Amino acid sequence: MVNNQYMETAIATRWWYACHTEDVPENGGACVKWGEDQIAVFNFTRRGEWYATDNQCPHKQQMALSRGMIGSAGPSCEPKVACPFHKKTFSLVSGECLEEEPYRLRTYPVRIHDGKVYIGVDEA
Amino acid sequence: MLMAADAMPVVVVVGNGMVGYKFCEKMVGRKAPFRLVVFGEEPRPAYDRVHLSAYFDGKTEEDLRMAPADWYDEQHIALYTGDPIVRIDRARKTVHSLKGQSVSYDYLVLATGSSAFVPQIPGVEGQGVFVYRTLEDLDMIREYARKARTGAVLGGGLLGLEAAKALLDLGLEETHVVEFAPRLMPRQIDAGGSAALQRQLESLGLQIHLGRQTKEITDGGLVFADGATLDTDMLVISAGIRPRDELARQAGLVTGPRGGILVDDTLRTSDPFIFGIGECVLHNDMIYGLVAPGYEMADVVASRLCGSPKRFLGFDMSTKLKLIGVDVASFGDPHAEGTDVRALTYEDTYAGVYKRINITRDGKHLLGGILVGDAGAYNLLHQTTVNKIVLPPNPEDLILGARGGSEAAGLMDLPDDAVICSCEGVTKQSICSAVREGSVRGIDAMKKCTRAGTGCGGCVPMVKDLITETMKAEGLYVKTVLCEHFDYSRQELLDLVRLNELTSYEAVLDRFGHGDGCEVCKPAVASILASLWNDLILKQDTIQDSNDRFLANIQKGGTYSVVPRIPGGEITPDKLIVLGEVARKYGLYTKITGGQRIDLFGAHVGDLPAIWRELIAAGFESGHAYGKALRTVKSCVGSTWCRFGLHDSVSFAIEIENRYKGLRAPHKLKGGVSGCIRECAEARGKDFGIIATEKGWNLYVCGNGGSKPAHAQLLASDVDKETCIRYLDRFLMFYIRTADPLTRTSVWLSKMEGGMSYLRSVVVNDSLGIGGELEAAMDQHVATYRCEWKAAIEDPAMERRFAHFVNAPGERDPTVAMQPLRDQVRAKEW
């Protein structure tokens, strides 16, 4: 378990406490409610990394990405998630659709502190 | 011989766009003994203008760069951005820049590109009118769009539609496209193709106005020649390009009457020391507004400077692209007409597909064509056209899809010099010999070795097919590997996992794979582990498909369906009442399935444990409808009630369903038992079917319904129950151990060498001597079966996995909504 590790991919204006680390299954995802929005949090245990994206798949607007399988793509081992509905895959880093289709996921920075998962969100 | 840099002749490149950059790359690739000095007008190094709309889709300027700024340093290229050349002194062979630099050249390459053509319409200078050409243009459009509600693009050509996509990405409420011609993309496609494209684009939210001549641009919108108006807050003009030839003209070089720097086949201008490449030149009365011919020109000039006699002999304008998600391609002469031409068209208005091919009257050759909505056949059709390959007797198959015979086979008939990758100019011969002599085995290695497929990527499927076909022709073993993370087939991996007694996905990946896995290998390994060790799915839930992870089938709107097992389709009145009560309590839609069970739809993920707790209390078990596993064994009523029935088919079906319940396989498994030859259970449409005879039972295997129905074939006849079960044990285990992932039994059999007679020899005659082992494996499965749902609700940790929000476990997904349907409910369309 990699705790106290900072994995900031962008400058966030606010770190929001989302859930406990044990709420998210190893090498899998879970959904957290953020106001009216839904964010998918991924515990990439195998890589010791955490990621967060929108829970809604931009392809057919299904609220299900947190239930998708994660993995890696290509020689550079780009971390990715596959939507359980139609298996579109998205980079967990950039949110880009890896089938090179014009869909894009919003991604959020994540940091872990003292067994808690914090997600970097815009104040607005 | 190495020369000091100062002593090397100097090539000055005017323009640092895509083509100017490509010229530098080609010079570097040839290790050309020249010093390169590049002047660019824009404030940044060359970027990918073709994918400009990606800038609004989240790509940054950095992402779009052709090469990072330090690339030029590393290659010892002097690059001056934001400093255009303003004067050429041909007599002194010197150029002068805006910022006052003067550089002498030995050769000058003009790659000044083009600018957007802006028609002289009154009001065109007004506020809110833009062109779509540079990143600065895009920044201005983005800024202005913040306060705009509607936008319009003037021009329905390739660039216009790209610009329209950009406006869509900016989130304008309404986006219009206005085209003067009566159809979209008039250069590339015909009226039928335009109609198909228009329908697709309109369904994506674009509003399209064809045959519209714009008379005036006002503050509030456009006024057309017929007096009609269109309200819009902003306008992007994309009505074509104008070659940037002003510098050349000022220097006294010959230009065309309607613009363009005149060049010959060697790409020399009227000054032998000055070359012209890309969109700024006029070659043989053509101005090429695409990037591929520009790249070819860059290569021709680089080659000539290095002493090769290469010439530019025009360029095939065939093109394939994705416009706002819609495939559009045209090749050869898309508009060919006349008495010598037959045009075949195919249209599927439902799928939004339009295809046209133009064939010579004698039916021998393809002249060109158009593909809209589905451009999958583009590569082969394009190659068939440019290589003048003689067509098969039924040319309509080219657009209808082959009726037997594969596309890959046609590929090998291409001549050696057929250009497969037009971006990089890689021929079929180079690709095949990279496989034969260079031991290239995959697309990534091929890209490194030949650069094929590194440009637009459109040829990649074709290159992959060529690699496979060449390997086959060379007698090399072509293996179906699981995915990029495992270099093994499913059968090989199953053997490795079994021999090494691995029980977790991570262990399998560490030992035999690489990378971090994916949605292909995770469920495949999960299926292998389940088949071998029959362990509970929920122990490794995140390697399962969503259906297996939540032990229910995900349906529209993110709800799940619940299917309890009803063995043989036999159910008591009390259990029927429980199903009805549970469905009523949780607001579920109910339907009888094709497999004689009852499906309850519309369950919230968080309700699943409670639903199952009630079902299990009433004696139900998981029906595994969510898994690649045994589903149902369907039965007719058999001899107990039916006057024709020979044996008790219901009892046998229940016994078999209970024996194989929970059995994980490469794909779903279905069975059936009929009490007589009338076959009311439709057992021969199943993976295994048992039909009563006068003397016992006939066992049929490898049938299925679905998109390609197949009748099960006879494996053994007139056998008793015990023998029938023994054969079934062997058959099912043999299938589980040897089939590829997601392969039904019928497909597995069709790929088996020796077919049914081989399968019979293994199962009935035990020709491999593995009968006992297969039976033992099945016995172990039966002995270790546990209902997954029972285990799930007994373990509070597992149950917690079913909350939709981990930070608000009691709350349901608010986006799930139901609407009435007859006397029940259905999920609302998003």
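The values are calculated or read from the model by the stated rules, or taken from the named source; none is laboratory data. Everything numeric here is computed off the predicted structure, so don't read it as measured data. Please note: Cβ atoms are built from the backbone with ideal geometry, for glycine as well, and neighbour counts cover all protein chains shown.
Worth a mention:
- In summary, helices (runs of 4 or more DSSP H) completely within the range B:1-105 and bearing 2 or more residues that are surrounded by 19 or more Cβ atoms within 10 Å (Cβ to Cβ) and over 32 Å from the mean Cα position of the chain (by Cα) occur at B:18-29.
- Enumeration of residues in the range B:508-530 that are more than 8 Å from chain A (Cβ to nearest Cβ) and charged (D, E, K, R): B:510, B:511
Each row is one residue, and each column tells you yes or no for (1) within 22 Å of residue B:645 (Cβ to Cβ); (2) at pLDDT 95 or above; (3) not charged (D, E, K, R).
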| position | (1), (2), (3) |
| --- | --- |
| B:689 | yes, yes, yes |
| B:701 | no, yes, yes |
| B:713 | no, no, yes |
| B:725 | yes, yes, yes |
| B:729 | no, yes, no |
| B:741 | no, no, yes |
| B:744 | no, no, no |
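Residues checked against (1) within 25 Å of residue B:804 (Cα to Cα); (2) within 11 Å of another protein chain (Cβ to nearest Cβ):
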| residue | (1), (2) |
| --- | --- |
| B:482 | no, no |
| B:486 | no, no |
| B:506 | no, yes |
| B:532 | no, no |
| B:545 | yes, yes |
| B:557 | yes, yes |
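- Checking the range B:770-786 against the condition returns a match, with at least one residue being under 30 Å from residue B:588 (Cβ atoms) and away from chain A (no Cβ under 14 Å).
- Here residue B:808 meets the list (1) within 14 Å of chain A (Cβ to nearest Cβ); (2) in contact (Cβ under 8 Å) with a residue 12 or more places away in the chain; (3) out of contact with any Phe, Trp or Tyr (no Cβ under 9 Å at 6 or more places or on another chain) almost entirely, failing just condition (2).
- Criterion (surrounded by fewer than 22 Cβ atoms within 10 Å (Cβ to Cβ) and touching a helix residue (DSSP H, G or I) at 6+ places or on another chain (Cβ under 6 Å)) met by exactly one of B:553, B:547: B:553
- Out of B:726, B:730, sole residue that is under 24 Å from residue B:489 (Cβ atoms), surrounded by 17 or more Cβ atoms within 10 Å (Cβ to Cβ) and away from every other protein chain (no Cβ under 14 Å): B:730
- Qualifying positions in the range A:41-72 - farther than 17 Å from residue A:106 by Cβ, at the interface with chain B (Cβ under 7 Å from one of its Cβ atoms) and in a strand (DSSP E or B): A:69, A:71, A:72
- Among the residues listed as A:81, A:93, the single one being among the hydrophobic types (A, V, I, L, M, F, W, C), within 23 Å of residue A:122 (Cβ to Cβ), in a loop (DSSP other than H, G, I, E, B) and within 10 Å of the chain's Cα centre (by Cα): A:93
- Scanning the range B:291-327 for residues that are in a strand (DSSP E or B) and closer than 23 Å to residue B:16 by Cα yields a count of 0.
- Scan of the range A:30-40 for residues that are more than 8 Å from chain B (Cβ to nearest Cβ) and under 13 Å from the mean Cα position of the chain (by Cα), ordered by number: A:39, A:40
- Subset of the range B:318-377 (residues that are touching a Lys or Arg at 6+ places or on another chain (Cβ under 7 Å), of a type outside the set (A, V, I, L, M, F, W, C) and closer than 25 Å to residue B:423 by Cβ): B:369
- Total residues in the range A:74-90 satisfying the condition of being within 13 Å of residue B:519 (Cα to Cα) and either more than 8 Å from every other protein chain (Cβ to nearest Cβ) or at pLDDT 90 or above (or both): the figure is 9.
- Test: residue in the range B:460-472 that is crowded, with 16+ Cβ neighbours inside 10 Å, touching a strand residue (DSSP E or B) at 6+ places or on another chain (Cβ under 9 Å) and at pLDDT 85 or above: yes
- Exclusive hit being at pLDDT 90 or above, under 30 Å from residue B:316 (Cα atoms) and not basic (Lys, Arg), set B:191, B:166: B:191
- Total residues in the range B:468-511, condition within 30 Å of the chain's Cα centre (by Cα) and assigned to a helix (DSSP H, G or I): 16
- Considering the range B:217-259, and only residues there that are assigned to a strand (DSSP E or B) and not aliphatic (A, V, I, L, M), the residue that is nearest to residue B:129 (Cα to Cα) turns out to be B:221.
- Hey, residue B:673 under 37 Å from the mean Cα position of the chain (by Cα), modelled with pLDDT of 95 or more and either closer than 17 Å to residue B:571 by Cβ or of a type in the set (Lys, Arg) (or both) or not: no
- The set of residues from the range B:257-266 being within 43 Å of the chain's Cα centre (by Cα) and either acidic (Asp, Glu) or surrounded by fewer than 24 Cβ atoms within 10 Å (Cβ to Cβ) (or both) comprises B:258, B:259, B:262, B:264, B:265, B:266.
- Output for the range A:100-123, where each listed residue is within 11 Å of chain B (Cβ to nearest Cβ) and not in a strand (DSSP E or B): A:100, A:101, A:102, A:103, A:105, A:106
- Odd one out for residue B:512 among (1) in contact with a strand residue (DSSP E or B) (Cβ under 9 Å, 6 or more places away or on another chain); (2) surrounded by 20 or more Cβ atoms within 10 Å (Cβ to Cβ): (2)
- Residue among B:151, B:160, B:193, B:156 that is away from every other protein chain (no Cβ under 14 Å), under 26 Å from residue B:371 (Cβ atoms) and more than 25 Å from the chain's Cα centre (by Cα): B:156
- Residues of the range B:183-208 that turn out to be surrounded by fewer than 16 Cβ atoms within 10 Å (Cβ to Cβ) and either acidic (Asp, Glu) or out of contact with any helix residue (DSSP H, G or I) (no Cβ under 7 Å at 6 or more places or on another chain) (or both), as a count: 6
- Single residue of B:392, B:334 found to be more than 19 Å from the chain's Cα centre (by Cα), outside any strand (DSSP E or B) and surrounded by 19 or more Cβ atoms within 10 Å (Cβ to Cβ): B:334
- Listed by position, the strands (runs of 3 or more DSSP E) inside the range B:544-618 whose residues that are farther than 23 Å from residue B:523 by Cβ and either modelled with pLDDT of 95 or more or out of contact with any Cys (no Cβ under 9 Å at 6 or more places or on another chain) (or both) number at least 3 are B:589-592, B:598-603.
- Residue within the range B:139-159 that is part of a loop (DSSP other than H, G, I, E, B), over 30 Å from residue B:197 (Cβ atoms) and in contact with an Asp or Glu (Cβ under 6 Å, 6 or more places away or on another chain) present: no
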